[in-house]
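Student: Pasting in a structure now, in structure tokens, and then I'll have a few things to ask.
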Amino acid sequence: MGRSGASASDPAWESVLVTGTGAVFGEPDTLTADLAVDTTAATVGAALEQAVKAATRMRDALVRAGVARADLQTANVSVTSTTDDAGKVTGYNVNQGLTATIRDLSKAGALMTVAITAGGDAARLNGVSFAIEENTALIAEARKKAFADARAKAELYAREAGRPLGRVVKISEPTLGYEEPVQRDKMMASLGSADMSVPIEPGRQRLSVTVTVEWILAPATGKAMLTH
């Protein structure tokens, strides 16, 4: 039994520590496109020049179409050699990534098409990912659900122990995470003309919160002691 005035450092401190999880679903409002250019030439200089030109066309096309420069980022630049069966170097390959964050999903398909068309045969679309940028209300709802889940568990354990549930003494939130959209994105392998758009289905995304809460176990009442 805990003593009156006990503290967390007191050996007589008695409590119940539980973890609760809350999950909500929301519609993504942001898409990140993993674009790239890939070129091969007889020399490093030639391959690099082709890649730079293609990447620049792709970037400029996105900017003209309304994507902010702050939402474009170069990534994963690599230079490798190509060889024949005998191991002799036959050329060089340059791959340069371009990550584009698109905040208007209604234009996402058209914007990716613009970028791919500008990049020409060197253009690559490695994939897309979705996120919920305006997530404050969703996180708050998930936290409420997580705390309610933790409380329900704590109340059950307290009842089984024949102890009233006291005040909360500790709360921690170790996990806040997103899961992939319930409906995965759909992308076309190739585009026949500039009039075609990459089809996008953002679906719904699951946001979850995990919370750990500690409650004091109050002294058992006479009624509780008789029933346990």
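All of the numbers you see were taken from the coordinates with simple rules; none came from a lab. Model, not experiment: these values are computed from the prediction. In this analysis, Cβ positions are derived from the backbone assuming ideal geometry, glycine residues included, and neighbour counts consider all displayed protein chains.
Student: Computed FRET efficiency, Cβ-Cβ of Glu160 and Ala131, R0 35 Å: what is it to the nearest 0.05? Mind dumping the intermediate values first?
Tutor: Details: r = 41 Å, r/R0 = 1.18.
The formula returns an efficiency of 0.25 here.
Student: Place a +1 charge on the Cβ of each Lys and Arg in the stretch 1-155 and a -1 charge on the Cβ of each Asp and Glu, then give the dipole magnitude about the Cα centre in debye, rounded to the nearest 20.
Tutor: Details: 15 positive and 18 negative charges, 48 e Å.
Its charge dipole is roughly 240 debye.
Student: Can you tell me the order of 133-140, 155-162 when each peptide is scored by its average per-residue count of other Cβ atoms within 10 angstrom, highest first?
Tutor: Details: 133-140: 12.5, 155-162: 14.6.
Put in order of decreasing packing, that is 155-162, 133-140.
Student: How long are the three semi-axes of the equivalent ellipsoid of the stretch 62-109, in whole Å, if each is the root of 5 times an eigenvalue of the C-alpha gyration tensor, listed from largest down? List each step's numbers first, then the result.
Tutor: Working: eigenvalues 259, 22, 12 Å².
With the √(5λ) rule applied to the stretch 62-109, the semi-axes are 36, 10, 8 Å.
Student: Over the Cα atoms, compute the radius of gyration (one decimal) and Dmax (the largest Cα-Cα distance, rounded to a whole number) for the stretch 1-158, in Å.
Tutor: 26.6, 83
Student: Here's a follow-up. Using 0.36 nm per residue of separation minus the Cα-Cα distance, give me the extension gain between Asp29 and Thr90 in nm, one decimal. All intermediate terms of the calculation are to be shown ahead of the outcome.
Tutor: Details: separation 61, 0.36 × 61 = 21.96 nm, distance 4.52 nm.
Separation in residues times 0.36 nm, less the Cα-Cα distance, equals 17.4 nm.
Student: Follow-up question, since we're still on this one. Can you compute the label reach from Lys53? Point 7 Å from Cα along the Cβ direction, backbone N cut-off under 17 Å, restricted to the stretch 107-122.
Tutor: Under 17 Å, as judged by backbone N against the label point of Lys53, lie 117-122 of the stretch 107-122.
Student: May I pose another question? Expressed in nm to one decimal, what extension gain is obtained for the pair Ala218 and Lys170 from 0.36 nm per residue of sequence separation less their Cα-Cα distance? Each step should come with its number before you reach the end.
Tutor: On the way: separation 48, 0.36 × 48 = 17.28 nm, distance 1.54 nm.
Length difference between fully extended and current span is 15.7 nm.
Student: What does the highest-first list of 92-103, 143-154 look like by mean Cβ count within 10 Å? Could the numbers behind the result be given before it?
Tutor: Working: 92-103: 19.8, 143-154: 17.9.
Per-residue mean Cβ counts within 10 Å order the peptides as 92-103, 143-154.
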